[in-house]
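Written out below as structure tokens is the structure these notes cover.
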Amino acid sequence: LYAVALGHGEASRSATTSISRFLLSPPLWALSLILLLKSFTLGLPSWIVQLLTPLHLTTTPLASLVLGLSISLGTVRRTWLLTSLGVAVRMIGGFLLGFAAAFLLDLTGQERAVVILVAGMPSAVTAVIFATETRLDEDLVASIVALSICVGVLLLPWLPNLANFLTG
């Protein structure tokens, strides 16, 4: 997602700049490091985990703050149709792609349910951060994230039944 945002955003004028920013992004380095450690069945030392845990616990409140500060009610009213389309593409499209992935990987039971449900989850707050950093339409992205989270919360009561249905 970050690479796509860099490619379409105003912040990167050239392919070289986009590639450079992508390769230097901290999330890519963190993901690469943890995948490298896991490939050798290693983990982070316990003192690093203890050091990072308080920071981890601030992620949701800070992300909610960023989202709240990014929402513009005027934009929501002006772009409600495009926002609704974005939410539908993200959640319904993700759900359908999850079905396709589960089918292609021949998943069954809980694995199948998890893949399908995670694929159809609401948009993440990181999309707002990417939009801000790459100078895309931050207001529209914040509206899509906020609405998709609201839809996700409304769907929560039916989630256990849907998960049971998908495991069968």
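Subtracting the Cα-Cα distance of residue 51 and residue 77 from 0.36 nm times their residue separation leaves 5.1 nm of extension gain. Shape of the stretch 55-142 from the C-alpha gyration tensor: oblate (a/c of 1.5 or more and a/b not above b/c, with a ≥ b ≥ c the square roots of its eigenvalues).
Our coupling estimate for the stretch 82-96, obtained by passing each phi through the Karplus curve with A = 6.51, B = -1.76, C = 1.60 and θ = phi - 60°, is 5, 4, 4, 4, x, 5, 5, 4, 5, 7, 6, x, x, 4, 5 Hz, Gly and Pro reported as x. Carbon-plus-sulfur fraction of the accessible area of the chain, 1.4 Å probe, in percent? Ligands and nucleic acids excluded, carbon and sulfur reach 74 percent.
Sort out the exposed loop trypsin sites (Lys or Arg not before Pro) in the chain (DSSP loop, at most 14 other Cβ within 10 Å) and tell me the longest stretch that has none. Value returned for the longest uninterrupted segment is 14-134.
Measuring between their Cα centroids, the stretch 13-64 and the stretch 85-106 lie 26 Å from each other.
Fully extending the segment from residue 150 to residue 24, taken as 0.36 nm per residue of separation minus the present Cα-Cα distance, adds 42.0 nm.
Solvent-accessible surface of the chain, averaged per residue with a 1.4 angstrom probe and all protein chains in place: 69 square angstrom.
Nearest 0.05, what FRET efficiency do residue 44 and residue 106 give at R0 = 35 Å with Cβ-Cβ as r? Working from the Cβ atoms, E equals 0.60.
The values are calculated or read from the model by the stated rules, or taken from the named source; none is laboratory data. Predicted, not measured: the structure shown is a model, and the values here were computed from it. Here Cβ is always computed from backbone atoms with ideal geometry, including for glycine, and neighbour counts include all displayed protein chains. Accessible surface is based on the protein model in full, side chains and every heavy atom, while ligands, DNA and RNA are left aside. Shrake-Rupley method; radii C 1.70, N 1.55, O 1.52, S 1.80 Å.
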